[in-house]
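Here's the structure we're looking at; comments come further down.
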Amino acid sequence: MSRFVHDQSRRAFLKRSCALGMAGVAAPFLTSLGAIGEAAAATANDYKALVCVFLYGGMDYANTVVPYDTAGHGLYYAARRNIALEREALANTALTPSADLGGGRQYALAPSMTALKPLFDAGRMAVMLNVGTLMQPTTKAQFAAKSVRLPPRLFSHNDQQSFFMASNPEGAPSGWGGRIGDVFQNGNGTATLTCMNATGNAVFLSGRSALSYSVGTGGPVALLGRASTLYTSSAAQQALKAMMTAQSPSMLAAEHATISRRALDTYDQVTGALNQAPASAFPLFPASNSLADQLKMVARMISVSAGLGMRRQVFMVSMGGFDLHDNLATDHPVLMQRVSEAIRAFHDTTEALGVSEKVTTFTASDFGRTLVSNDDGSDHGWGSMHFAVGGAVSGRRFYGTPPEIGNGTASDVGQGRLLPTMAVDQYAATLANWFGVSAGDMATVLPNIGNYDASTRNVGFLG
């Protein structure tokens, strides 16, 4: 879809939704998103959703949130001249925060992220500076002396994905999204749908008791393909289903039957709910964008959350391709445009549904990448920049400390690998606090949060 057509559709859609709201149209779920939105908003007084957008491969921070002040851009440009963005190209996405960063520091979004800039300007998006995996506050001297505990196998994809998602090394049985789900699943009418994954299996949404329920972009995954026959025989199909769900004195068989019944029942429940919120009623999402497809499914699920008895849900979507050792200058802009347009479409849809203040979207990734270029790409790094978007976000602001720019500064541990100054635990604790996790439960969700001074655990980007 061209940008013009997309923008026209967006305006028409928002106008239509607004008109329905002003007219006070009261209707059950219908095939109009305006009506769906009214139904969702009317019953969402105590609903909240967290949506994790995981960018697999390690997002290149330096070409995503780019130094824009003259001095800063000069240092950035000198460090990665062959893959750096020209300052003139950043003029349209230069950010004007409500709180000055000090020292003359300025940043711009990547030029292809034009869809997100209006959200920053409107106070719906905040930028987190230099976020990364840590076990406790760490200085460069402590890192060099190896005098503090560090996440194992820094700069490794699998290990840092796990540590970001789970606060533990690869092989961890639960992630902090799932552990948040543990806290709230009993308050949901359908506990199975507390943690929902639209992207496949990931430890982030596995709790100690909460389960991760997977949906595809077309809806829930059907057990047995929901076929009505087996080898053309409906009797055989019914017999197989009966065998799968029958009670058994065997512990293993009984558990298998419980899981099978839950899968079949939940499939029917979710499919029935989504029939009231068809994909055709969600027109803002761009085509040929896998992240947008996943976020559309999340939006559909949120729109029917009240009917499913949901009060708290944690979602995960993802996009790959960020491990750009090569072709960064050509591939990174395309990726960030897709991310930008998908998140913008999702946020605009939550606004039309009347639930934007109940939904917070945030980005995550394995790690940031090096500032210094590696031929025509960048290498594995550590700290990175991230975004939070939503009606509850205290936006148009940067949070965290702007890192020094260059190779061998106080902010990096070599080649412009940023030593994080905001731990993932602090980023996550801010989200969890907004979601309603109590101070007493926080250490259960984030086992390392006690290593940070209590006054710094909530970064403050959510009201």
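The values are calculated or read from the model by the stated rules, or taken from the named source; none is laboratory data. Quick caveat: nothing in here was measured; it's all calculated off a predicted structure. For neighbour counting, all protein chains shown are included, and Cβ atoms are generated from backbone atoms with ideal geometry for every residue, glycine included. The protein model used for the area step is the full one, side chains on, heavy atoms only, and it has no ligands, DNA or RNA in it. Shrake-Rupley method; radii C 1.70, N 1.55, O 1.52, S 1.80 Å.
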List every residue whose amide H lies under 5 Å from the amide H of Ser411, counting only residues 5 or more places away in sequence or on a different chain, with H placed 1.01 Å from N in the peptide plane.
-> Glu404
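Give the total of Lys-Lys pairs in the chain with Cα-Cα distances below 24 Å; include a pair only if its members are 8 or more places apart or on different chains.
On the way: Lys15/Lys117; Lys15/Lys296; Lys15/Lys358; Lys48/Lys296; Lys48/Lys358; Lys117/Lys296; Lys117/Lys358; Lys296/Lys358.
Step by step, the pairs that qualify in the chain add up to 8.
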Roughly how much of Val65 is accessible, in Å² to the nearest 10, using a 1.4 Å probe?
-> 0 Å²
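Divide, for the chain, the radius of gyration over alpha carbons by 2.2 N^0.38 Å, where N is the residue count.
Rg over 2.2 N^0.38 Å, computed on Cα atoms: 1.01.
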Would you pull out the residues with amide H under 5 Å of Ser365's amide H, same chain only if 5 or more places away, H placed 1.01 Å from N?
-> Leu55
The farthest towards the positive end of the charge dipole of the chain, of the residues Met244, Met125, Val65, given +1 on Cβ of Lys and Arg and -1 on Cβ of Asp and Glu, is Met244
Once the Cβ-Cβ distance between Ala141 and Ala239 is put in as r, and R0 is 56 Å, what FRET efficiency do you end up with, to the nearest 0.05?
-> 0.20
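When you have a sec, figure out the Kirkwood radius of region 255-329 from all distinct Cα pair distances and drop it here in Å to one decimal?
For region 255-329, inverting the mean 1/r across all distinct Cα pairs yields 15.0 Å.
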Can you give the alpha-carbon Rg of region 372-425 over 2.2 N^0.38 Å, where N counts its residues?
-> 1.36
Once label points are set 7 Å from the Cα along Cα→Cβ at both Ser250 and Tyr231, what is their separation, rounded to one decimal in nm?
-> 2.1 nm
If r is the Cβ-Cβ distance from Val334 to His157 and R0 is 30 Å, what FRET efficiency results, to the nearest 0.05?
-> 0.90
At 0.890 mPa s and 25 °C, Stokes D of region 306-463 from Kirkwood alpha-carbon radius, µm² per second | 139 µm²/s
Once you treat every alpha carbon in region 339-432 as an equal point and sum by Debye, what is log10 I(q)/I(0) at q = 0.12, 0.21, 0.23 Å⁻¹?
-> -0.49, -1.05, -1.15
At a probe size of 1.4 Å, how large is the accessible area of Glu88, to the nearest 10 Å²?
-> 140 Å²
Can you give the Rg to Rh ratio of region 122-266, both from alpha-carbon atoms, with Rh computed by the Kirkwood formula?
-> 1.14
Heavy-atom accessible area of Lys48, protein chains in place, probe 1.4 angstrom, given in Å² to nearest 10, is 50 Å²
Taking H as built 1.01 Å from N, whose amide H comes closer than 5 Å to the amide H of Gly320, not counting residues under 5 places away?
-> Tyr56
